[in-house]
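FYI, it's all coordinate maths here, none of it is from the lab. Predicted model, so just to flag it, every value in this text is computed and none were measured. Cβ atoms come from the backbone with ideal geometry, glycine included; neighbour counts cover every protein chain shown.
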Amino acid sequence: MADQYFHFTLGPVQSFVAQARRTRDFWAGSFLLSWLSGVAMVAVQEQSGKISFPVPDESFLDAIRGSKVAAAGAEPKQGSIPNRFMAEVNHEFDPDVVINAVYAAWEGLAELIWQQDLQGQLDDQQRAISRDIWQRQVQSCWEINWVLTENEAESQLLTRRKNWRSHLPPPEPGVKCMMMSGLQELSGTTHPHAPALATYWQALNSDKGLDLRPREYLSAIGFIKRRFVRHFEKLNLRYEGVHQGMSVCGWTLSPRVPSVNWVAASFWLAAVIRRSQQNQPLADALKTLAYASAELNGKPDGNTKTACIQAACQQAGFSEYHCPADGESLFEEALVSAIAAAERPAEKAAAQQTLDALNAVCKLSDLPRPEPYYAVLLMDGDSLGKQMSEVKRQGPISTALEAFISQVDQIVQQHSGFLVYAGGDDVMALMPVESAIPCATELRNHYRDCFRQQNIHSSLSGAIECAHIRQPLTDVLASSHQLLDEVAKDQTGRDALAIRVTKHSGPHLVWSQPWAVLLGETEQPMPEVQQLAQQFYSTVPGSIFSSSFLYRLIALGNALDWQQLDESGETLQAMIVAELARSGVATEGQTVERTALVSLAQQMSQLGVRYQRQVNKQGVATGFQKTAITDDDALKLLIFLARFCPFQPAAVADREVS
């Protein structure tokens, strides 16, 4: 039995991770947070401590140490170390060694980036100003809290320690960073329209190519998030605070992280590639688009091909290197904006050439244009902290979480997503809308199975934030956390899935249901909402309904006032049957049987009714309480999902046959 128990947490989490202008910034914040938490774990292990919760990703810790095991090509690419952990330690353990190791690693990485990117690019006066800002922000970035106790059952001590809020960052004057809210940008200019501000950043970016967009001004923290991946492999620190010293290393990371445009268009591009197998003009047009895209945006830093695109290339015998490498080249709106914003004739010509190539691909493929929406998928365990307070449950819970996390990246990749973070019971990923619900469902079932094997009851709630590609990424990430916490967990009672769609014009719908209602008593592998959406994709052979019917039903419900409908769903069901019958829906001349209409109406009315999961004092579900139908969000969700059905492999194959 351990002499003492060390509890550690590193923050801030959401403000550091979620403030991002690109998906690469989003990923970088999560990765850096995991890396520093991993440094803390290594500092505990170097003092003969044992990380007891959660079970650490030893490959990540090996990479931090620079061991040969991690150097075999399996270095971590995503964050997998949570920002909070508990360790068993002896009486010789020194918490200051852990804290100092984290600060030494962070400041060492910051200094490496300063020396590589800024030190030699600034004159003496400007260097002094920027250096003062850099040092102030780097040294005040993190809030570290820890407690040391001899009582293994004291699991709430760290929470109480965090409530003291002893971390007070210094004031930040001047023009603010465009990524990290409230932090001063590095030039030190006092006015946002001063010519010196643009001159400072233009000179830096033109001399070094610092991954900055025009008129993009960053603080030290934003700059580190943007640039660390370019220098991380050069990091090799030696910290002498523990016996025989401790190594902290970086490793090679790809700067190529899929953009939201790329994620949004993945299934569309895969559908186009599959169709090019029997259409040589289309294959040639795709290659032309790829060349034009490279001319416009430059050669990519790495391969971001998702699983659906890789499968389509393999099926069609199409080279992945002939695929467009930039997501913005797949959306007409983005290219029109690029043409309007071009400052040089060559840039305007390249953007126009790319737009012409995209139009040719769309015409030859005979497919709708890609939908400009992607999804942020968040998943989080429900009330797991309460169970961790029971010492006998800590071991089985750690084992279950280790088994769960070990498969998350594979599941997300199989659904053509990009995993940003997976640690403990948290998952964060960028997903195409087409595969977001199936991926969330598989992750939920995998989580449940891992805990069942340990005879522990635990559930996983999820949030799918479907956002327009032009929405600010920081806003989307903040909204997704609110959707998970307030809708999936608080309003729906946990063990639930919540979905929100926000269009370019603003909020469109919010919908949620408990998993048990969503999947039914038989725990079917695919939620009914996804199955129904496919039925309302009218161009699939054999489909008997269309989204126009849903629009008519929404209009009817608005006329009758949704809030006056009974909470049982029977009125909604009757409305659906009556409207279907009135529409004279038929397939191949045969009127649909009333029993089929009733069955469909039952499915749709089930989606339209709000439920809240009810639990007992032990957290076990005892049933579901229906709440009143308040709006038409379920019908709007079906219409939205149906728009993505043309790009599914089965739909494309059916259309080719027809």
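Rounded to whole numbers, the Karplus 3J(HN,Hα) couplings from phi for the range 381-386 are x, 9, 6, 6, x, 5 Hz, using 6.51 cos²θ - 1.76 cosθ + 1.60 with θ = phi - 60°, and x at Gly and Pro. Normalising the average separation of contacting C-alpha pairs (under 8 angstrom, six or more residues apart) by the number of residues puts the relative contact order of the chain at 12 percent.
The structure shown yields Cα extents along the principal axes in Å, and of the options (i) 82, 69, 48; (ii) 77, 65, 52; (iii) 83, 62, 57 that calculated value carries the label (i).
Can you give the FRET efficiency to the nearest 0.05 for Gln14 and Glu402, using r as the Cβ-Cβ distance and R₀ = 35 Å?
Values: r = 25 Å, r/R0 = 0.71.
My answer for the efficiency is 0.90.
Axis of helix 547-560 versus longest Cα principal axis of the chain: the two differ by about 90°, to the nearest ten degrees. Ranked by the mean number of other Cβ atoms within 10 Å of their residues, highest first, the peptides 483-494, 247-258 fall in the order 483-494, 247-258.
Restricting to DSSP H runs of at least four residues, report the calculated mean residue ellipticity at 222 nm for the chain, -39500 (n - 2.57) per run over all residues, nearest 500 deg cm²/dmol. Let's see the in-between values first.
On the way: 24 runs with 316 residues, N = 658.
Counting only the DSSP helices, I get -15500 deg cm²/dmol.
Might you report the magnitude of the Cβ-based charge dipole of the chain about its Cα centre, with Lys and Arg at +1 and Asp and Glu at -1, to the nearest 20 debye? Walk me through the numbers on the way to the answer.
On the way: 56 positive and 72 negative charges, 142 e Å.
So the dipole magnitude of the chain works out to roughly 680 debye.
Less than 5 angstrom separates the built amide H of Ala496 from those of Ser461, Gly462, Trp515, all sequence-distant by 5 or more or on a different chain. Couplings 3J(HN,Hα) of the range 119-124, computed from phi: 3, x, 9, 10, 6, 4 Hz, in residue order, whole Hz [Karplus 6.51 cos²θ - 1.76 cosθ + 1.60, θ = phi - 60°; x for Gly and Pro]. Note on the chain: dipole from Cβ charges, positive end direction compared against Val44, Gln535, Phe16; the farthest Cα belongs to Gln535.
With respect to the chain, whose longest principal axis is taken over its alpha-carbon atoms, helix 95-117 is tilted by about 80°.
With a simple spin-label model that places each label point 7 Å from the Cα along the Cα-to-Cβ direction, the separation between Gln603 and Ser59 comes to 3.9 nm.
Between the Cα long axis of helix 345-365 and the first principal axis of the chain there is an angle of about 40°, rounded to the nearest 10. Which net charge results for the neighbourhood of Ser48, defined as the other residues with beta-carbon distances under 12 angstrom from its beta-carbon, given Lys and Arg at +1 and Asp and Glu at -1? Around Ser48, the surrounding residues sum to -4.
The string of couplings for the range 6-18 from the Karplus curve (6.51, -1.76, 1.60, θ = phi - 60°) is 9, 10, 9, 8, 10, x, x, 8, 4, 5, 7, 7, 6 Hz, one whole number per residue in order, with x for Gly and Pro. Summarising the label geometry, the points placed 7 Å from Cα in the beta-carbon direction at Asp123 and Ser505 lie 5.2 nm from one another. Taking the Cα atoms of the range 1-151, the ratio Rg/Rh between the radius of gyration and the Kirkwood radius comes to 1.02.
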